[in-house]
Amino acid sequence: QVQLVESGGGLVQPVGSLRLSCAASGFPSSNYGMNWFRQAPGQERELVAGISSAGGVISYADPVKGRFTISRDNAKNTVYLQMNSLKPEDTAVYYCNAVAPFRAREYWGKGTLVTVSS
């Protein structure tokens with residue numbers, strides 16, 4: 001019943017753009033902080049970006065600052081990650097993550113693959 005479903009991944013050339021979406025259902029996602037993580041082949045999972053429940057606090061990992069934008073539309077229960085100026089090192093499986101207040105509960109999507117290659 002609780003679901004986070006990512007979409008928008010695919011193959012893109014360097015310097016291209018993609019927009020990832022994460023559709024939430026089965027829980028009050030508007031009360032949750034939302035994050036995008038990614039995991040490249042053979043590497044550790046890393047936090048890419050986070051946004052607070054009301055959208056007022058946003059953070060980015062250094063490698064994506066100035067290129068990626070996280071946003072949310074609580075009326076649609078959806079979180080987005082706009083990725084511009086993509087680089088081969090952005091290649092990874094991108095995961096949507098939802099965190100309840102005080103981290104009482106946490107949910108994960110199954111991921112969507114982003115491949116940046118010429």
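Would you check which residues across the stretch 19-34 are open to solvent by less than 30 Å² (accessible area, probe 1.4 Å) and either acidic (Asp, Glu) or under 14 Å from GLN82 (Cα atoms) (or both) and list them? Spell out how you get there, then give the answer.
At the first step, the residues of the stretch 19-34 found to be open to solvent by less than 30 Å² (accessible area, probe 1.4 Å) are 20-22, 24, 27, 29, 32-34.
Scanning the stretch 19-34 gives LEU20, SER21, CYS22.
Which members of the stretch 72-93 meet the condition of being under 17 Å from VAL5 (Cβ atoms) and of a type outside the set (Val, Ile, Thr)?
Here is the first cut: in the stretch 72-93, the residues under 17 Å from VAL5 (Cβ atoms) are 72-74, 76-81, 93.
Residues satisfying the conditions are ARG72, ASP73, ASN74, LYS76, ASN77, TYR80, LEU81.
Would you check which residues across the stretch 47-71 are of a type outside the set (A, V, I, L, M, F, W, C) and either assigned to a loop (DSSP other than H, G, I, E, B) or under 21 Å from VAL5 (Cβ atoms) (or both) and list them?
Step one: of the stretch 47-71, the residues of a type outside the set (A, V, I, L, M, F, W, C) are 50, 52-53, 55-56, 59-60, 62-63, 65-67, 69, 71.
Residues satisfying the conditions are GLY50, SER52, SER53, GLY55, GLY56, LYS65, GLY66, ARG67, THR69, SER71.
In this structure, does GLY55 turn out to be modelled with pLDDT of 95 or more, small (Gly, Ala, Ser) and either in contact with a helix residue (DSSP H, G or I) (Cβ under 9 Å, 6 or more places away or on another chain) or surrounded by 12 or more Cβ atoms within 10 Å (Cβ to Cβ) (or both)? I'd like the intermediate steps shown before the answer.
Values: modelled with pLDDT of 95 or more: no; small (Gly, Ala, Ser): yes; either in contact with a helix residue (DSSP H, G or I) (Cβ under 9 Å, 6 or more places away or on another chain) or surrounded by 12 or more Cβ atoms within 10 Å (Cβ to Cβ) (or both): yes.
The answer is no for GLY55.
Can you spot a residue in the stretch 84-91 that is at pLDDT 95 or above and in a strand (DSSP E or B)? Let's see the steps before the verdict.
At the first step, the residues of the stretch 84-91 found to be at pLDDT 95 or above are 84-91.
Narrowing the set further to residues that are in a strand (DSSP E or B) leaves none.
So far as the stretch 84-91 goes, no, none of its residues is at pLDDT 95 or above and in a strand (DSSP E or B).
From the list VAL114, VAL64, VAL15, VAL99, which one is open to solvent by 30 Å² or more (accessible area, probe 1.4 Å) and at pLDDT 95 or above? It would help to see each step written out before you state the result.
Working: VAL114 fails: open to solvent by 30 Å² or more (accessible area, probe 1.4 Å); VAL64 fails: open to solvent by 30 Å² or more (accessible area, probe 1.4 Å); VAL99 fails: open to solvent by 30 Å² or more (accessible area, probe 1.4 Å).
Just a single option satisfies the conditions, and that option is VAL15.
The values are calculated or read from the model by the stated rules, or taken from the named source; none is laboratory data. Owing to the predicted nature of the structure, the values given are computational and were not obtained by experimental measurement. Cβ coordinates were reconstructed from backbone atoms using ideal geometry, including for glycine residues, and neighbour counts include every protein chain displayed. Accessible surface is based on the protein model in full, side chains and every heavy atom, while ligands, DNA and RNA are left aside. Shrake-Rupley method; radii C 1.70, N 1.55, O 1.52, S 1.80 Å.
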